[in-house]
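Structure, as structure tokens:
What follows draws every value from the coordinates through simple rules; no lab data is involved. Computed from a prediction, not measured in an experiment: that's the story for all the values here. All Cβ positions, even for glycine, are placed from backbone atoms using ideal geometry, and neighbour counts span all protein chains on display.
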Amino acid sequence: MMRSISAEWLKMRRSKMTLILAALPVVSVLIGSANYYLNQEALQNDWLSLWTQVSLFYGEFFLPILIAICCAYACRLEHMNQNWKMIMAAPISAAHLYLAKLLITGMMILFAQAMFLGLYWLAGTLLFLPSPFPVKTAGWVMRGWAASLSIIALQLELSLRFRSFAVPIGINLCAVFIGLGMYINKLGLFFPFSLLTIGMSVLSQDKLAAMENLLFWLMSIAFVVIFASISICRLKNNDIVQA
Amino acid sequence: MSSTIALEYYKIRRKNIGLMLILFLLVEMTWAFMAISMSIARNPDHAAWEAVLFNISYMNGLFMPIVSAIVVSRICDMEHKGATWKMLAATNVSRTQLYAAKYVCANSLLLIGILAQTALMIGFGWLQKFPGMPFGQFMQFVAGTAAVTLAVAALQQWVSMSVKNQAFALCLGMIGGFFGLTAGLFPASARHLLIWSYYLDLSPTIYVYSEPVGAYAAQPFAFGKMTAVLMMAALSYIAGNIHVNRKEI
């Protein structure tokens with residue numbers, strides 16, 4: 001397993017993915033903070049108001065797309081030059097191969113989330129917000145990351161299935177809107193994309209009830225297990241067909 | 001030139017790019033129509049063509065940059081994946097022609113998407129029995145959306161062709177979608193520097209925020225903005241063409 005992870009890490013090392021991972025948090029926080037600064041009379045809740053501005057578009061629309069790009073990149077090398085056949089013939093199990101990709105992509109998104117939180121703190125400090133930094137936002141970021149893992153598991157399945165780099169990203173864009181619809185219809189806990197909205201407290205900053213919180217974590221774990229099982233079974237049982 | 005363009009269509013004949021594009025836009029339209037229907041239920045004054053034109057223009061700010069990135073990336077990535085760019089460059093067709101053929105191919109597909117979008121909007125309006133039929137505004141919508149898409153696609157093709165890793169091209173599409181969606185938050189001077197914000201700027205209708213309720217209003221065709229967009233398209237295309245042509249494969 002460790003060798004699979006280090007192999008995945010090696011593939012990412014010179015990919016300059018850090019630039020892509022950093023771009024989204026930077027743009028989100030810059031635009032959100034500028035909007036907060038220009039509308040301070042209407043936004044009177046200090047750090048929480050700033051959170052609504054910086055996290056709305058980031059968590060609702062663009063973090064899932066960033067996840068899709070990372071997952072597509074994690075599978076890109078295998079889709080080139082008959083590499084699937086080569087990697088499936090190597091003495092590593094399909095489960096290890098998939099889990100290594102899941103873990104590395106998870107780490108990439110954790111980096112983006114950490115950067116987002118750091119920039120949020122920096123923006124609030126530079127805006128001289130009087131109240132202390134709300135530690136609960138760190139919890140929201142971590143909960144968002146947990147929900148991201150279920151999206152990663154789903155996107156990895158799509159990226160393993162489609163040779164094209166762009167198709168899984170298009171499907172992801174459509175799923176974002178389905179997720180938003182499910183959240184509005186109070187079915188958010190049953191779809192990974194709306195789970196992210198709940199996890200990051202993007203549309204509502206109310207504290208989750210104990211039961212909701214439990215269900216959130218259970219569903220996140222369940223989605224990861226379900227999508228990972230589907231992908232691993234497919235890798236084990238289906239023939240590799242490459243052009 | 002026509003044979004080069006025909007070859008581009010031949011290469012993508014089994015990729016179902018057109019179908020994929022229509023499916024993505026269908027999701028956008030379904031979402032927009034649901035939002036408009038809810039808005040009409042709350043305020044019957046919104047039962048007008050202006051509501052449809054504004055909402056679709058606004059959502060295009062998010063969707064079109066990403067959809068353009070996907071279409072252009074698929075057309076360019078096949079040369080990277082198959083290492084065929086080198087082979088194409090060795091034929092007796094100039095690289096400028098190859099670059100132009102890809103641009104025409106991608107934009108023709110995107111134009112079909114925009115026309116399909118317009119047809120769906122008209123269908124929705126008829127079903128909702130909106131009064132009148134603003135042909136002029138629909139022409140303005142198609143012209144504006146197509147012009148901005150020309151510029152966005154030129155930028156995407158530049159990145160997709162010059163950077164092998166398509167993650168960068170898709171990231172540009174994502175950032176473009178972000179700017180397109182949040183365009184209304186920027187002051188006009190900053191907004192006009194960002195090509196993606198013109199989806200809203202060239203929309204035939206605007207939403208005027210006023211107490212107690214906002215209202216839709218017609219926005220006259222802006223020749224200046226249209227010229228700016230077409231110049232950005234030409235600049236992105238020429239710069240991309242020169243850069244890709246001079247780059248060693």
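Distance from the Cα centre of segment B:1-45 to that of segment A:127-186, in angstrom?
Cα centres, segment B:1-45 to segment A:127-186: 24 Å.
Ignore the peptide's own chain and count Cβ atoms of other chains within 10 Å of each Cβ in A:34-43; give me the average, rounded. Walk me through the intermediate numbers first.
Values: counts 5, 3, 0, 0, 3, 1, 0, 0, 0, 0.
The per-residue average across the peptide is 1.
Where does each of A:195-202, B:228-235 land if you order them by average Cβ count within 10 Å, highest first?
Numbers: A:195-202: 25.4, B:228-235: 17.2.
The most tightly packed comes first, giving A:195-202, B:228-235.
In square nanometres, what is the average projected area of the Cα convex hull of segment A:87-164?
Details: hull surface 27.6 nm².
If you wrap the Cα atoms of segment A:87-164 in a convex hull and average its projections, you get 6.9 nm².
Could you pull out the pairs from A:LYS11/B:LYS164; A:LYS11/B:LYS15; A:LYS101/A:LYS136 whose alpha carbons sit more than 23 Å apart here?
Working: A:LYS11/B:LYS164 15 Å; A:LYS11/B:LYS15 28 Å; A:LYS101/A:LYS136 30 Å.
Beyond 23 Å: A:LYS11/B:LYS15; A:LYS101/A:LYS136.
Would you calculate a helix-derived [θ] at 222 nm for chain A, using -39,500 (n - 2.57) for each DSSP H run of n ≥ 4 and dividing by the full residue count, to the nearest 500?
Values: 10 runs with 183 residues, N = 243.
Rounded to the nearest 500, it is -25500 deg cm²/dmol.
Per residue, how big is the convex hull of the protein assembly as shown when only Cα atoms are used? Give it in Å³.
163 Å³
Over what distance in Å are the Cα centres of segment B:174-227 and segment B:76-90 separated?
Spelled out, the Cα-based centre of one part sits 38 Å from the other.
What share of Cα pairs, in percent, lie more than 33 angstrom apart in chain B? Mind dumping the intermediate values first?
Numbers: 6792 of 30876 pairs.
Pairs farther apart than 33 Å: 22 percent.
Under the rule of at least 5 residues apart or a separate chain, name every residue whose amide H is placed under 5 Å from the amide H of B:THR205.
Placed amide hydrogens put B:GLN219 under 5 Å from B:THR205.
Most exposed first by the Cβ proxy, i.e. fewest other Cβ within 10 Å, how do B:HIS46, B:HIS80 rank? List each step's numbers first, then the result.
Working: B:HIS46 21, B:HIS80 18.
Ascending number of Cβ neighbours within 10 Å: B:HIS80, B:HIS46.
Could you list A:TRP9, B:TRP196, B:TRP49, A:TRP84 in order of exposure, starting from the residue whose Cβ has the fewest other Cβ atoms within 10 Å?
On the way: A:TRP9 13, B:TRP196 27, B:TRP49 24, A:TRP84 19.
Neighbour counts put them in this order, fewest first: A:TRP9, A:TRP84, B:TRP49, B:TRP196.
When only Cα pairs under 8 Å and 6 or more residues apart are kept, what is the percent relative contact order across chain B? Before the final figure, lay out each step's value.
Details: 301 pairs, mean separation 72.3, N = 249.
Answer for chain B is 29 percent.
Give me B:CYS171, A:CYS174, A:CYS233 sorted ascending by neighbouring Cβ count inside 10 Å, so fewest comes first. Numbers along the way, then the final one.
Numbers: B:CYS171 22, A:CYS174 19, A:CYS233 12.
Fewest to most other Cβ atoms nearby, the residues stand as A:CYS233, A:CYS174, B:CYS171.
³J(HN,Hα) across segment A:129-143 via Karplus (A = 6.51, B = -1.76, C = 1.60, θ = phi - 60°), whole Hz, x for Gly/Pro?
5, x, 6, x, 4, x, 5, 5, 5, 5, x, 5, 5, 5, 5
What is the mean number of Cβ atoms from other protein chains located within 10 Å of the Cβ atom of each residue in peptide B:156-165, rounded to a whole number? Don't skip to the end; give the middle numbers.
On the way: counts 0, 0, 0, 0, 1, 0, 0, 1, 1, 7.
Counting other chains' Cβ atoms within 10 Å and averaging over B:156-165 gives 1.
Using only Cα atoms, find the angle between the long axis of helix A:63-79 and the longest principal axis of chain A, and express it within 0 to 90 degrees, rounded to the nearest 10.
Once rounded, one gets 20 degrees.
Hey, rough spin-label estimate for B:ALA89 and A:GLN40, points 7 angstrom out along Cα→Cβ, what's it come to in nanometres?
Placing both labels 7 Å along Cα→Cβ, they lie 5.4 nm apart.
Rounded to the nearest 500 deg cm²/dmol, what is the calculated helix-only ellipticity per residue at 222 nm for chain B, with -39500 (n - 2.57) per DSSP H run of length n ≥ 4?
Numbers: 10 runs with 184 residues, N = 249.
Value at 222 nm, helices only, nearest 500: -25000 deg cm²/dmol.
Return a whole-number percent for the relative contact order of chain A, with Cα pairs under 8 Å and 6 or more residues apart as the contact set.
Values: 263 pairs, mean separation 65.4, N = 243.
Averaging sequence separation for qualifying contacts and normalising by length gives 27 percent for chain A.
Per residue of A:160-169, what is the mean number of Cβ atoms on other protein chains within 10 angstrom of that residue's Cβ?
Values: counts 0, 0, 0, 2, 10, 11, 17, 7, 1, 9.
So the per-residue partner count for this stretch is 6.
How high is the relative contact order of segment A:177-216, in percent, with contacts defined as C-alpha pairs under 8 Å that are six or more residues apart? Display every interim value, and only then the final one.
Values: 26 pairs, mean separation 12.1, N = 40.
It rounds to 30 percent for segment A:177-216.
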